[in-house]
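Chemist: I have a structure I would like to understand better, so I am pasting it below and will then ask my questions one at a time.
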There are 2 protein chains.
Amino acid sequence: MAAKDLFHNAVKQGLLKDDWVITADPLKIKIEGVKLEVDLAAEKIIAAQKAERKIAVEIKSFLNTSAITDFHIALGQFLNYRLALQMSESDRTLYLAVPVDTFESFFQEKFTQEAVKFYQVKLLIYDPTEEVIIEWKN
Amino acid sequence: MAAKDLFHNAVKQGLLKDDWVITADPLKIKIEGVKLEVDLAAEKIIAAQKAERKIAVEIKSFLNTSAITDFHIALGQFLNYRLALQMSESDRTLYLAVPVDTFESFFQEKFTQEAVKFYQVKLLIYDPTEEVIIEWKN
């Protein structure tokens, strides 16, 4: 399996372990002539709220040698997808899935923290080896 | 000259023809452990205002087959660079340089127009063959 697919699969397995139902892989959005693809869509019934939670997840591996280059791409995708969801399916919340080692290093930098806060990027921290979701950061 | 450098040079020549002084190529910004590079910095004395205008320009060629992929990267770079400039040099205005044929096609799509408006992306439209700046869109 290619490295990128391993990370994709790790997030998918992590969501399944937490009782999410994967409803699209990938989630395709079309706005007139522009087609976008978010990695995953998932849903879960929250019993306490008697409501269904709908999410979309863009999965990043941060495998390139330059974390900032990976972050440019991740931020652009996240903000374009969030806007596209607002235009097409506004009850679905978008998350950016980030491997735990990248979260504990590059995402602790002052600039990265400012960018995540300023652009209100919701993060899903995952362990690519254990295939589990570690934390949701809203 | 590589295709990417041709586009870079076209914007640079276009700015020089309009009496801009190129002050950095590239413009390096460092915020603690994170290093960013914007393609160009330029300055110009605006006589009527007796003031100096300072800009930074990120130059995109949109040469890939997928315009939306290029746009994800462009948007991520633009928004990260704008934030980094706000943190380090807030009197410098950032522009995204887009070739005129891409502006007249992909940038007329409903989604692209929404994204440019929503994220307040300032555009500089250039002709890569004639090496001139066609329009500034604020």
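Chemist: Which residue of chain A is nearest the rotation axis onto chain B, counting by its Cβ, and what is the distance in whole Å?
Modeler: Residue and rounded Å distance to the axis: A:G76, 1.
Chemist: Using a 10 Å cut-off on Cβ to Cβ distances, tally the other chain neighbours for every residue of B:72-84 and report the average as a whole number.
Modeler: On the way: counts 11, 6, 2, 9, 15, 7, 3, 7, 11, 1, 1, 6, 3.
Mean partner shielding for this stretch: 6.
Chemist: So the label point sits 7 Å from Cα along the Cα-to-Cβ vector; using that for B:A51, what distances do you get to the other copies, in nanometres, sorted shortest first?
Modeler: Result for B:A51, in nm, nearest copy first: 4.5.
Chemist: Between copies, how far apart are the A:K17 label points? List them in nm, one decimal, shortest first, with each point 7 Å from Cα toward Cβ, please?
Modeler: Here the equivalent label points are 5.9 nm apart from this one.
Chemist: While we're here: Dimensions of chain B along principal axes (Cα, Å, largest first)?
Modeler: The Cα atoms of chain B stretch 40, 37, 32 Å along their principal axes.
Chemist: Are there any helices in chain A, counted as whole DSSP H runs, that stretch 27 Å or more along their axis by Cα and score at least -0.5 on average by Kyte-Doolittle, and if so which? Walk me through the numbers before you get to the answer.
Modeler: Details: long enough: A:67-88 (31 Å, 0.55).
Going by DSSP H runs, the hits are A:67-88.
Chemist: Tell me, what is the percent relative contact order of chain A, built from C-alpha pairs under 8 Å that lie six or more residues apart?
Modeler: Values: 215 pairs, mean separation 33.5, N = 138.
Value for chain A: 24 percent.
Chemist: With r defined as the distance between the Cβ atoms of B:L6 and B:T93 and R0 fixed at 22 Å, what FRET efficiency is calculated, to the nearest 0.05?
Modeler: Working: r = 25 Å, r/R0 = 1.14.
Taking R0 as 22 Å, the efficiency between B:L6 and B:T93 is 0.30.
Chemist: Please rank A:T93, B:T65, A:T102, fewest neighbouring Cβ atoms within 10 Å first, as an exposure proxy.
Modeler: Numbers: A:T93 14, B:T65 6, A:T102 21.
Ordered from fewest to most neighbouring Cβ atoms within 10 Å, A:T93, B:T65, A:T102 come out as B:T65, A:T93, A:T102.
Chemist: Separate question: Can you list residues from other chains, or at least 5 along the same chain, whose modelled amide H is less than 5 Å from the amide H of B:K35?
Modeler: Long-range HN contacts for B:K35: none found.
Chemist: Region A:1-73: which trypsin sites (Lys or Arg not before Pro) are DSSP loop and have at most 16 other beta-carbon atoms within 10 angstrom?
Modeler: Values: sites: A:K4, A:K12, A:K17, A:K28, A:K30, A:K35, A:K44, A:K50, A:R53, A:K54, A:K60; in loops: A:K50, A:K60.
Passing both the DSSP loop test and the Cβ count: A:K50.
Chemist: Per DSSP helix of 4 or more residues, -39500 (n - 2.57); summed, then divided by the residues of the protein assembly as shown. What does that give at 222 nm, rounded to the nearest 500?
Modeler: Values: 8 runs with 102 residues, N = 276.
Value at 222 nm, helices only: -11500 deg cm²/dmol.
Chemist: Taking the alpha-carbon set of the protein assembly as shown, what are its Rg and Dmax in Å?
Modeler: 20.3, 66
Chemist: Within 10 Å of each Cβ in peptide B:112-121, how many partner chain Cβ atoms are there on average? Round it to a whole number, please.
Modeler: On the way: counts 5, 0, 7, 8, 0, 0, 6, 5, 0, 0.
Per residue, the number of nearby Cβ atoms from other chains is 3 on average.
Chemist: What number comes out for the charge environment of A:A97, summing +1 per Lys or Arg and -1 per Asp or Glu over other residues with Cβ under 9 Å away? Intermediate results must be reported in sequence, preceding the final value.
Modeler: Details: positive: A:K60; negative: A:D39, A:E58.
Result for the local shell: -1.
Chemist: Continuing with the same structure: What does the charge count near A:F71 come to, summing +1 for each Lys or Arg and -1 for each Asp or Glu among other residues with Cβ under 10 Å from its Cβ? Intermediate values should be presented prior to the final figure.
Modeler: Values: positive: A:K60; negative: A:D70, A:E109.
Neighbourhood net charge equals -1.
Bear in mind these aren't lab numbers, they're just calculated from the coordinates by the rules spelled out. The model shown is predicted, which means the values in this text are computed figures rather than measured ones. Every residue, glycine among them, receives a Cβ derived from its backbone with ideal geometry; neighbour counts consider all protein chains shown.
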